[in-house]
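For reference, the structure is listed below as structure tokens.
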Amino acid sequence: SVLRALTALERADIALIVIDGEQGIQEQDSHVAGYALQYMRGVIIVVNKWDAVQKDSKTMKKFEETIRDEFKFLPFAPIVYLSAKENERVHTLFPVLQQVYANFTKELPTKLINETLTDAVAMNPPAVFNQGKAKFNYATQTGIKPVTITMFVNDPNYLHFSYQRYLENKLREAFNFEGTPIKFILRKKED
């Protein structure tokens, strides 16, 4: 089944990670979700058989906390609860799917990207890393499926991965990138 998932991921734009609501998250679910991120696909987490789950007023919130804890690497993925067999809440999947695809193919003006990143750097400048401090010249979007941002810096080796994650979070705050990974390409600014 993992081989089938990998073959499907090669062809897909959006991956639906389907979790059995009765059984909960299985090890295989985590593997497939990891592959979806590795392939840089849009991701929606779908909890199926939601009709069979014993519920109270806090069940959905508890289930979401469990999912977020297990899939820490997919904080941007929306979660949809449904029952395919009973055809309950299936209609809630399609608007989310359309939104994630729109985010996956979103194109942003260079000016807005640079304004967002300039503000982020001003609020929290990068620390010294690898005996140097990253200085950003400019950034531009260079692709979709997934959204790809190319940043020109004095030396890519000076940018710690945690600071890159900070910049990604600032872009997510400024623009709706729910369901889609953001790919960064770091280029050295030539003199």
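FYI, it's all coordinate maths here, none of it is from the lab. Given the structure is predicted, the values throughout are model-derived calculations rather than measurements. Glycine also receives a Cβ, built like all others from the backbone with ideal geometry; neighbour counts cover every protein chain displayed.
Structure data summary
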item: Taking the chain and dividing mean pair separation by its residue count, relative contact order in percent (alpha carbons under 8 Å, at least six apart); result: 21 percent
item: Chain lengthening between Ala174 and Phe161 when straightened (0.36 nm per residue, less Cα-Cα); result: 2.7 nm
item: GluC sites (Glu not before Pro) restricted to the range 1-102 and DSSP loop, no more than 16 other C-beta within 10 Å; result: Glu22, Glu86
item: Cα gyration tensor of the range 149-188 - equivalent ellipsoid semi-axes, whole Å, descending; result: 20, 10, 8
item: DSSP beta bridge pairing in the range 1-67, given as percent antiparallel to the nearest 5; result: 10 percent
item: Under 21 Å from the Cα of Lys106 - lysines, other chains or at least 8 residues apart; result: Lys145, Lys170, Lys183
item: Estimated distance in nm for a label pair at Arg68 and Leu6, the labels positioned 7 Å out from Cα along Cα-to-Cβ; result: 3.3 nm
